[in-house]
Amino acid sequence: MTRRPIFAYRISWSQLAWLGHRLSGIGVLVYLFMHIVENATLALGPDVYNVTQTFFRNLPVRLGEIVLMAALVYHSLNGLRVIAMDFWPSTTVWYRPLTYGVIIATALAMIPLGLIMITPYAPWGGR
């Protein structure tokens, strides 16, 4: 009797790239909505706006902003990859290397960006 794996479905790189693009786009859209609501509190006066700003000045929110920045970088680079493949169909031969390139470029871009963004909360940073 042979054992069958619990999850027999194999996910391809194209499906992961599609899912990553959609999830990063949804994350950016949610942040945009939150940003609009937060800026709308300016209409209620400076006191209300200052109170809302205290919710956003802490480490967990800053870590979320770093994840948001990673989503923005990935979404933009992957979008450029998709555009290149749409305009030049011959680039589909390079689908997997281009996908790897987007992931590597996102990781490399997030090293300095993450360090810059976390510096105010880090032991070496100042407030």
With respect to the numbered conditions (1) among the hydrophobic types (A, V, I, L, M, F, W, C); (2) exposed (fewer than 11 other Cβ atoms within 10 Å of the Cβ); (3) not in a loop (DSSP other than H, G, I, E, B), which one is the sole condition not fulfilled by Met69?
-> (2)
When you go through (1) within 16 Å of the chain's Cα centre (by Cα); (2) surrounded by 15 or more Cβ atoms within 10 Å (Cβ to Cβ); (3) closer than 19 Å to Leu19 by Cα one by one for Met85, which number turns out not to apply?
-> (1)
Selected residue (only one of His75, His35 is assigned to a helix (DSSP H, G or I), within 28 Å of Trp18 (Cα to Cα) and touching a helix residue (DSSP H, G or I) at 6+ places or on another chain (Cβ under 7 Å)) | His75
From Ile36, Ile116, Ile66, grab the single residue that is closer than 30 Å to Trp13 by Cα and not polar (S, T, N, Q).
-> Ile66
A careful count of residues in the range 8-33 that are of a type in the set (Lys, Arg) and exposed (fewer than 11 other Cβ atoms within 10 Å of the Cβ) gives 1
Could you count how many residues in the range 49-77 are without any contact (Cβ under 8 Å) to a residue 24 or more places away in the chain and in contact with a Ser or Thr (Cβ under 6 Å, 6 or more places away or on another chain)?
-> 2
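Coordinate-derived values only; no laboratory data. Quantities reported herein were computed from a predicted structural model and do not represent experimental measurements. Neighbour counts are summed over all protein chains in view; Cβ atoms, including those assigned to glycine, are modelled from backbone coordinates with ideal geometry.
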